[in-house]
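As structure tokens, the structure follows; a few thoughts come after it.
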Amino acid sequence: MRAFQSLLALFALGVAMPAWARPAPDSFADLAGKLLPTVVNISTSQTLKAPPAGAMPQLPPGSPLEDLFKNFLGPRPNTPRHVTSLGSGFIIDASGYIVTNNHVIEDSDQITVSLQDGTQMPAKVVGRDTKTDIALLKVVPKKPLPATHFGDSEKTRIGDWVIAIGDPFGIGSTVTAGIVSARNRNINAGPYDDFIQTDAPINRGNSGGPLFDMDGNVIGINSQIYTPSGGSVGIGFAIPANLAREVVSQLRQFGMARRGWIGVRIQPVTPEIAEGLGLSTTQGALVNDVTQGGPAAKAGLVSGDLITGFDGKPVPDDRALPRIVADTPIGKAVNIEVLRKSRKQTLKITVLKLADDAKVDKGGKAPPAPVKNQSKLAQLGLSLGMLDAATRAKFKIGAAVQGVAVTAVDPGSPAAEKNMRPGDVIVEVAGQAVKTPDDVTKRVDADAKAGKKAALMLINRDGDLQYLGLKLN
């Protein structure tokens, strides 16, 4: 009674009450009944080549191990093996377009789609994208198929109810329910990771199936699970619909994904790097290299620029920028906001089409020679050497790379904490180019005398540039 009176008092005082979330439905049956026909089973077959005749270990004639290996390995006929696998997918167009995961159909010789009513049809691959693990299939139905559609995954909130539909064990369509337990997950599956995490049970075979919201919209494509046992432990990952929609559209139009590219390499901003560059924030994407002749170079971007906005969209970190650029129409001229030496600048850049990366020059093969051990950077745990022919050959450093070679790193040192390793090349210290170990020592000593907490270095590793901030004790 007192609680009720207190609640009445709050209303009387005009105190704002929190908005209650949508309650769990009494049943998912009506929604599941409408959506089940839009989900399909995908079975694939693949012919594996026969093992080579000499695959069994070569043993002396009459060896007692000969029978053991024969019994263990079994008969090894010189014939190809035929293997099958199962996955899920969903219909997005009544004319027969079906979305699934690329890993469901990868390397398959034959793809068969099974509808809920048991109808089976052969499917052809329209296009597939390995970077996002999305594939688009096409079947030729005798009549229009029931289809679903993508929703707006950006509106999905942590705690929202979702249902997953798929064919996890090849026994028919299965419906599971749960909530969105996290968003924007990066599980290192690809360069554009932005997964929706859910506790709706997802098992092997659910891959490629849809994750629905309570309005029946596809908000994700079930793609990965975290599991130590092979079964669901309540952590599944779905590709968000807003990412999938654009990829599927391009697969349908071009047979491949066409992504924007501006020609920069980026990295996150640590507190040490922020201090070294004189930045007041660690938000944004730090440019550590600019492709010569690329859009960024033509726009005037340089190493050390911090990208904070692109085409009117904020860039909170280095993970966000690749996704934003990839989704930008090719040929579009956009504004890019950067911080350069703590000053805001807006540059104009034209987005081009992403192409495959060129191979990095690994250098020549001159005979190795001993490299002098420099001890003046003992506090950072670095031993340095001149970048001469012998050093280049020893660490396979390309002829075009300039700087000072790292020849050894002390375990437990500030350099080791930042994962520096022998073969790294220090290109700059505190924004100034270095050519000798003494150059590095002088710049580090100057930073220490100036009271800086970290020495900012630009490192070249196998052709890739990145900034590292080493703590100065």
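The values are calculated or read from the model by the stated rules, or taken from the named source; none is laboratory data. On a predicted model such as this, the values are computed, not experimentally measured, just so you know. Cβ sites come from the backbone with ideal geometry, for glycine too, and all protein chains shown count toward neighbours.
I'd like to know if region 349-359 contains one or more residues that are surrounded by 15 or more Cβ atoms within 10 Å (Cβ to Cβ), closer than 24 Å to Gln432 by Cα and either in the same structural domain as Asp439 (by TED's automatic domain parsing) or at pLDDT below 90 (or both). There is no residue in region 349-359 that is surrounded by 15 or more Cβ atoms within 10 Å (Cβ to Cβ), closer than 24 Å to Gln432 by Cα and either in the same structural domain as Asp439 (by TED's automatic domain parsing) or at pLDDT below 90 (or both). The single condition among (1) in the same structural domain as Phe310 (by TED's automatic domain parsing); (2) part of a loop (DSSP other than H, G, I, E, B) that Asp215 does not meet is (1). Residues in region 325-348 that are in contact (Cβ under 8 Å) with a residue 60 or more places away in the chain, among the hydrophobic types (A, V, I, L, M, F, W, C) and surrounded by fewer than 13 Cβ atoms within 10 Å (Cβ to Cβ): there are none.
Yes/no matrix, rows are residues, columns are (1) at pLDDT below 85; (2) surrounded by 19 or more Cβ atoms within 10 Å (Cβ to Cβ); (3) over 30 Å from Arg340 (Cβ atoms); (4) in the same structural domain as Leu456 (by TED's automatic domain parsing):
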{"residue": "Val233", "(1), (2), (3), (4)": "yes, no, yes, no"}
{"residue": "Gln250", "(1), (2), (3), (4)": "no, no, yes, no"}
{"residue": "Gly276", "(1), (2), (3), (4)": "yes, yes, no, no"}
{"residue": "Asp289", "(1), (2), (3), (4)": "no, yes, no, no"}
{"residue": "Gln292", "(1), (2), (3), (4)": "no, no, no, no"}
{"residue": "Ala296", "(1), (2), (3), (4)": "no, yes, no, no"}
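Condition check: crowded, with 18+ Cβ neighbours inside 10 Å and under 27 Å from Pro322 (Cα atoms). Does Pro240 satisfy that? Lay out the reasoning, then the answer.
Numbers: crowded, with 18+ Cβ neighbours inside 10 Å: yes; under 27 Å from Pro322 (Cα atoms): yes.
Yes, satisfied.
Selection over region 162-187 of residues that are under 25 Å from the mean Cα position of the chain (by Cα) and not in a strand (DSSP E or B) gives a count of 3. Out of the residues in region 293-313 that are assigned to a strand (DSSP E or B) and in contact (Cβ under 8 Å) with a residue 12 or more places away in the chain, which is nearest to Ile324 (Cα to Cα)? That would be Phe310. Listed by position, the strands (runs of 3 or more DSSP E) inside region 43-158 whose residues that are closer than 25 Å to Gly216 by Cβ and either at pLDDT below 60 or not polar (S, T, N, Q) (or both) number at least 2 are 81-93, 97-101, 134-138.
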